[in-house]
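Report on the structure given below.
The values are calculated or read from the model by the stated rules, or taken from the named source; none is laboratory data. Treat the numbers as computed from the prediction; the structure is a model and nothing was measured. When we count neighbours, we look across all protein chains shown, and the Cβ atoms used for this are built from the backbone with ideal geometry, even at glycine. To get the accessible areas, we keep the full protein, side chains included, count just its heavy atoms, and leave off ligands, DNA and RNA. Shrake-Rupley method; radii C 1.70, N 1.55, O 1.52, S 1.80 Å.
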Amino acid sequence: MRMTILIVGGLATGAVSVGAVRTFVPPNAQMFQAVRALGGDPASVRIGSIDPRKAYEDVKRQITSGNPGGSINFGTATPVTAFPKVGDLSLGTKYHMDEGAMRQAIGASINSRVQQDIRRAQDLSTYSRNPTAWHGAPPH
């Protein structure tokens, strides 16, 4: 019985995953149209130009060269000229927190927790005096 459930579950999972892939990944023709619309040319991509053996040998040569502090050339990066704006905060600026409001919020949280603990202790005391008179689940 367990084996049957396992096989049926595996088949159902496989069917759902195939359906999801077909739903979320567009067919090749649509994907190539999207790449061309964005200015790319899928015909210019050559898998042969990606040589993992050459990359491995290059990294191995750099590591074994005896210069562990040397930098590895990863190419150039475009410099960030302006910080992006995120709501009222922008990166690179300082944010001021109101210390008084923080103390008040922390105090209110502590006070709420103390009041909750007092009510729980009162419920436990009432339940211990007469458990049969308690309605509902016993207090924890």
#### Entry: Scan of the range 105-128 for residues that are of a type in the set (Gly, Ala, Ser) and open to solvent by less than 80 Å² (accessible area, probe 1.4 Å), ordered by number
105, 107, 108, 109, 112, 121, 125
### Among (1) modelled with pLDDT of 75 or more; (2) loosely packed, with under 10 Cβ neighbours inside 10 Å; (3) not in a loop (DSSP other than H, G, I, E, B), the one test that residue 97 misses
(3)
